[in-house]
Amino acid sequence: MPFDYELDYKELDLRQHPELYRVGKGEQGVLLVEPYKSEILPYWRFKTPEIAEESADKISELFEEYRKDDDFVGMDMARKFIQMGYTRARRYTNYKGGRKYNEDGTVKPRQEDPEKAASAAIFKERWDAIRADEDYLRRKKEHQRKYG
């Protein structure tokens with residue numbers, strides 16, 4: 001089932017109601033789902049490779065804490081922040097300021113920012129590890145089977 005954007009995420013605690021959580025595609029809902037957004041977002045950074053490494057370490061640590069607590073929603077939200085670390089760092093690698101389009105709608109020329117590329121690579125490595133994590137994949141399948 002697709003991510004449900006109709007829920008009142010400002011009032012909803014998905015730790016208390018994991019049955020309402022839908023994985024969706026990619027990073028859907030990453031900046032909506034509480035209490036996870038508030039727990040993870042303060043650590044999400046990618047400005048330099050050093051900052052990205054620290055960020056990826058902390059978010060990976062949270063991922064493991066959620067796993068230990070048998071909290072699939074938390075695990076998946078941590079995965080989404082890791083994925084978003086990669087995609088946003090790649091966007092800033094390719095387009096200064098992170099903006100792909102000019103005001104007139106035309107695409108800006110691509111650039112290569114090696115520092116942002118290194119940040120992206122850090123998050124990509126973590127994201128790949130999560131996507132290959134058999135326990136995470138089993139929990140994801142089980143959550144989707146149980147709740148949609």
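Here, each number is a calculation from the coordinates, and none is a lab measurement. All values reported here derive from a predicted model rather than from experimental measurement. Cβ atoms come from the backbone with ideal geometry, glycine included; neighbour counts cover every protein chain shown.
Taking a sphere under 10 Å around the Cβ of Thr93 and counting the other residues whose Cβ falls inside, with K and R at +1 and D and E at -1, yields a net charge of +3.
Dipole check for the chain: with +1 at the C-beta of Lys and Arg, -1 at the C-beta of Asp and Glu, and the Cα centre as origin, the magnitude is about 680 Debye.
Per the Kirkwood formula applied to alpha carbons, region 1-97 shows a radius of gyration over Rh ratio, Rg over Rh, of 0.99. Neighbours of Lys37, meaning other residues whose beta-carbon lies under 11 angstrom from its beta-carbon, give a summed charge of 0 when Lys and Arg score +1 and Asp and Glu score -1. Compared with the dominant Cα axis of the chain, that is its longest principal axis, helix 134-147 is turned about 60°.
Against the empirical curve 2.2 N^0.38 Å, the C-alpha radius of gyration of region 56-99 lands at a ratio of 1.40.
If you fit an axis through the alpha-carbon atoms of helix 49-68 and take the longest principal axis of the Cα set of the chain, what angle between them do you get, 0 to 90°, nearest 10? Taking the Cα atoms of the chain, the angle to 49-68 is about 10 degrees. Here's the picture: a label point sits 7 Å out from the Cα of Ser60 along the beta-carbon direction, and within region 70-98 the residues with their amide nitrogen under 16 Å of it are 78-86. Compute the label zone of Arg91 within region 27-54: residues whose backbone N is under 15 Å from the point 7 Å along Cα-to-Cβ. Inside the label zone: 27-32, 45-47. Can you check what the net charge comes to around Lys108, using other residues whose Cβ is under 12 Å from the Cβ of Lys108 (Lys, Arg +1; Asp, Glu -1)? So the environment of Lys108 carries a net charge of +3.
Compute the angle between helix 72-94 and the longest alpha-carbon principal axis of the chain, please, reported from 0 to 90 degrees and rounded to the nearest 10. The two axes meet at around 10 degrees.
Counting only Cβ charges, +1 for Lys and Arg and -1 for Asp and Glu, the dipole size of region 1-64 around its Cα centre is about 200 debye. Could you work out the longest stretch of the chain that avoids the GluC sites (Glu not before Pro) located in DSSP loops with at most 13 other Cβ atoms within 10 Å? Free of exposed loop sites, the longest segment is 12-102.
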